[in-house]
Protein chains: 2
Amino acid sequence: MTGSADSGEGRLPARRPVTLRDVAEAAGVSVATASKALNDQGRMTAETRTRIREVARRLGFRPNGLAQSLLRRRSFTVGLLTNDTYGRFSLPVMAGISEALVDAGVSVFLCNVEDDPRLGQLHVEAMLEKRVDGIIASGKRLDRHLPVTLAGLGVPIIYAFTEPDPGSIAFVSDDAQGARLAVEHFVALGRRRIAHVTGPESFMVVHQRAAAWRAVLAEHGLGVPDGFYMSGRWSERFGHEAVAQLFGGPGEKPDAIFCGNDQLARGVVDALRERGLAVPDDVGVIGFDNWEIVAAETRPPLTSVDMNLSALGREAGLTLLSLVDGKAVEPGIRKLPCRLVVRQSCGRPPDG
Amino acid sequence: MTGSADSGEGRLPARRPVTLRDVAEAAGVSVATASKALNDQGRMTAETRTRIREVARRLGFRPNGLAQSLLRRRSFTVGLLTNDTYGRFSLPVMAGISEALVDAGVSVFLCNVEDDPRLGQLHVEAMLEKRVDGIIASGKRLDRHLPVTLAGLGVPIIYAFTEPDPGSIAFVSDDAQGARLAVEHFVALGRRRIAHVTGPESFMVVHQRAAAWRAVLAEHGLGVPDGFYMSGRWSERFGHEAVAQLFGGPGEKPDAIFCGNDQLARGVVDALRERGLAVPDDVGVIGFDNWEIVAAETRPPLTSVDMNLSALGREAGLTLLSLVDGKAVEPGIRKLPCRLVVRQSCGRPPDG
DNA sequence: CTGAAAGCGCTTACAG
DNA sequence: CTGAAAGCGCTTACAG
């Protein structure tokens, strides 16, 4: 049969997309009727409806979302502002957001603003002109602003890991709870001299995690010997330096080290091994971030606190959707729980 | 002065955006005139034009991009399909693409398809409905397809690090050239027994880099002793295993090791140190990828081949823009050059 | 120099 | 049961 319609027709790039009008003409009805047939609106004979649908299918009709959006005053797009394109934090968050939204037919504009106000401005302008239904501002730290002003834009906004405007909604992991998980795990394993090696004190999370570490120790009647708290850089190198200090001098030595991130933990584990100390038998180590590629390659593989970033992204996405739908959402900072991923660096249970 | 217009007016989220009609009414002209005034079209007294502009500015008018796009048949959006959201390859590529496009007023839809055909389908549908001007398909390997069919979509497409459809345009780094850079650097440094430790042979790049390594050696009259080529996994662990084999048995020992990625190189460097071999004095090491966070923390810091991913992304973005503008672009696979980032693991020049 | 009209591709009351 | 009309917010010939 010649002329039979197959989905391969029309591979020329320059062709005009088929419009509703094309469908209507081919089916011998008005555009209005065609529209209603395809959207399950109005009343018409089942026969007419299926015939129109059949024609639409055959022609490869795909409604123009631009026209629909104009009418509905809803673009089914949201903007994702981020300053962490190279980093590993935003990624799982972005994946979670995207996953939550794609099923609602909502697409995400990726707006990498780094720390450049010009880029921020540019992207915000573009988003607004494209009439995004909402914005997610995603960063690396709750205590730092993105290089943009988002207040009073007239668009729903959700913040994730970045400083929110007053009265808005922000998502962040519960760092204190995450840290408790790690330290309590050590305690349950029978460790009694638990040190903490972490990043610079200019980071809010450094204080939150350290406070939780101290609190758990206190709750169990454990002390913090001099030098058991070490704040420095977020680097393997500082992990090495910390071990040199912790084990180099006189005084009490730790039997466990809770680290502020996985890179520190990696440095700590390597340094311990180089000193002839066994991990976890002599010293247990737990990291933070559960950065798979570091945690899994550490020898032994690293136990680490996972911030559930992609679940957090999903939550953020769904909450934005609620906001867009006009639902009322309580403002404030929502702290989502972390989980401990146990590998081999922390030690086995006493009865294991 | 009461009623003076300030940019802070209207912070209520539910307010209607101001339209061109609002501007026209406020300025006492027709919408047509208002449009022309703002777009520098048509002829009118300079006075009228500036007055209209002033009104628009005062009202905070921002043209509705949806309406403009409908008319222009150009949405000023492109879709970025990727299956590497968690990985480190797509990121710099995405950043480069985004950077190239933002200045042209083009926004990027982030479409994470992982390896799921359902997700692929979903995102392609969404992009098509939203009338993207073009698509960039970005992956991890030129020898693997994304889980989507992109042929015959009627939209310009650029491929980056993923298998292109026949007759289309793809960007990828020049792996052979990158490998040559590394091996020639070793040769220039006076190394004569250069081994190659790399990933699985199921990867096309493994063959391309290995061939270049062999070619450079041959050009300099250098041989490949038995066991100097080791193909395994892309992991630190395999780096360790490789060193154990290279230095554990009898036979000739390498004075340089070119590694297929930075994780391998990291494993190799660590293993060499553990054996008491000095890097770079006894054995030079060069990695591939220039994954900053690994390369910089290796002791000593790793010399590595950089694929210039973000420049590649920029090229891909600009090329897509040309296609969208209807310019003819030669199809084929474009290989973009790598560069060698010299740190300390490869050794200093003989005269250094 | 300015405005009325038509139209981008669709949807939604409202008639008939 | 189906269609004509109005309209989303804009732009662009075309009149005047």
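The values are calculated or read from the model by the stated rules, or taken from the named source; none is laboratory data. Quick caveat, the model's predicted, so the values are computed rather than measured. Note: ideal-geometry Cβ built from the backbone for every residue, glycine included; neighbour counts use all protein chains shown. Ligands, DNA and RNA are excluded from the accessible area calculation, which covers all protein heavy atoms including side chains. Shrake-Rupley method; radii C 1.70, N 1.55, O 1.52, S 1.80 Å.
Peptide A:60-72 is shielded by partner chain Cβ atoms: per residue, an average of 5 of them sit within 10 Å of its Cβ. For region A:1-154, the alpha carbon convex hull comes to 173 Å³ per residue, rounded to a whole number. The dipole here belongs to region A:128-185: it is taken about the Cα centre, uses +1 on the Cβ of Lys and Arg and -1 on the Cβ of Asp and Glu, and is about 180 debye. Backbone amide hydrogens, once placed in the peptide plane, bring B:T77 within less than 5 Å of B:S107, B:D133, excluding anything fewer than 5 places away on its chain. Neighbouring Cβ atoms from other chains, within 10 Å of the Cβ of residues in B:73-83, number 2 on average. Here B:D143 and B:D103 are evaluated by their C-beta separation; at R0 = 45 Å the FRET efficiency comes out at 0.85. Each copy carries a label point for B:A218 at 7 Å from Cα toward Cβ; from one copy, the others' points are 7.2 nm away, ordered from shortest. Here the label points at B:R339 and A:R74, each 7 Å from Cα along the C-beta direction, are separated by 4.8 nm in the simple model. Restricting the calculation to alpha carbons of the protein assembly as shown gives Rg and Dmax of 29.4, 93 angstrom. Chain B against chain A buries an accessible area of about 5600 Å², both chains summed, 1.4 Å probe radius. The slack between B:R233 and B:V18, meaning 0.36 nm per residue of separation minus the straight C-alpha distance, is 71.5 nm. The solvent-accessible area of B:V341, taken with every protein chain present and a 1.4 Å probe, is close to 30 Å².
Please average, across the residues of B:32-45, the number of beta carbons from any other chain that are within 10 Å of each residue's own beta carbon, and give a whole number.
So the per-residue partner count for this stretch is 0.
Above 28 Å lies some portion of the pair distances; for region A:209-352, what is it as a whole percent of all C-alpha pairs? When every Cα pair of region A:209-352 is considered, 29 percent fall beyond 28 Å. Of the trypsin sites (Lys or Arg not before Pro) found in region B:286-350, those that fall in a DSSP loop while having at most 13 other beta-carbon atoms within 10 Å are B:K327. Placing a label point 7 Å from the Cα of B:K327 along the Cα-to-Cβ direction, the residues of region B:96-119 whose backbone N falls under 19 Å from that point are B:96-107. Here the accessible area is traced with a 1.4 Å probe on the protein chains. For region A:65-162, carbon and sulfur cover 54 percent of it. Computed from phi, the 3J(HN,Hα) profile of region A:109-116 under the Karplus parametrisation 6.51, -1.76, 1.60 (θ = phi - 60°) reads 7, 7, 10, 7, 9, 6, 10, 9 Hz, with x in place of Gly and Pro.
For chain A, the longest principal axis of the C-alpha atoms and the axis of helix A:175-188 are separated by about 50°. As an equivalent ellipsoid, chain A spans semi-axes of 55, 22, 18 angstrom, where each value is the square root of five times an eigenvalue of the C-alpha gyration tensor, largest first. Dipole magnitude for chain A: computed about the Cα centre from +1 point charges on Lys and Arg Cβ and -1 point charges on Asp and Glu Cβ, it is near 1260 debye.
Overall, the accessible surface of region B:175-307 at a probe of 1.4 angstrom is composed of carbon and sulfur to the extent of 54 percent. Dividing the summed -39500 (n - 2.57) terms of all DSSP H runs of n ≥ 4 by the residue count of chain A sets its mean residue ellipticity at 222 nm at -12500 deg cm²/dmol.
Straight-line cross-link reach from A:K140 at under 18 Å between alpha-carbon atoms covers these lysines, not counting any fewer than eight positions away in the same chain: A:K335. What is the helix-to-structure angle for B:90-102, meaning the angle in degrees between its Cα long axis and the longest Cα principal axis of chain B, kept from 0 to 90 and rounded to the nearest 10? Roughly 30 degrees between the two axes. Amide H to amide H, with H built 1.01 Å from N, B:E163 comes under 5 Å of B:R144, B:H145, B:L146, counting only residues 5 or more places away or on other chains.
For region B:78-88, 3J(HN,Hα) computed residue by residue from phi via the Karplus equation (6.51, -1.76, 1.60; θ = phi - 60°) reads 9, x, 10, 8, 8, 10, 10, 5, 8, x, 9 Hz, glycine and proline entered as x.
Scalar couplings 3J(HN,Hα) for region A:121-137, obtained by applying the Karplus form with A = 6.51, B = -1.76, C = 1.60 to θ = phi - 60°, are 4, 4, 5, 5, 4, 4, 5, 5, 5, 7, 6, 4, 7, x, 9, 10, 9 Hz; x denotes Gly and Pro.
Amide H contacts under 5 Å for A:T303: A:G287, A:R343, A:Q344, A:S345, A:C346, restricted to partners 5 or more places along the chain or on a different chain, H placed in the peptide plane at 1.01 Å from N. Summed over the residues of the protein assembly as shown and divided among them, the accessible surface reaches 44 Å² per residue at a probe radius of 1.4 Å. Report the one residue of B:V329, B:A188, B:V285 whose Cα lies farthest in the direction of the positive end of the charge dipole of the protein assembly as shown (charges on C-beta: Lys and Arg +1, Asp and Glu -1; origin at the Cα centre). The listed residue farthest towards the positive side: B:V329. By Cβ position, the chain B residue that hugs the axis carrying B onto A most closely, with its distance in whole Å, is B:L110, 2. Distances between copies at A:S322, taken between label points 7 Å from Cα along the C-beta direction, are 4.9 nm in increasing order.
Charged side chains reduced to their Cβ positions (Lys and Arg at +1, Asp and Glu at -1) give region B:1-154 a dipole of some 520 debye around its Cα centre.
Ranked highest first by the average count of other Cβ atoms within 10 Å around their residues, in what order do A:317-326, A:31-40 fall?
Going by the mean number of other Cβ atoms within 10 Å, highest first, we get A:317-326, A:31-40.
Subtracting the Cα-Cα distance of A:V224 and A:A46 from their residue separation scaled by 0.36 nm leaves 56.4 nm.
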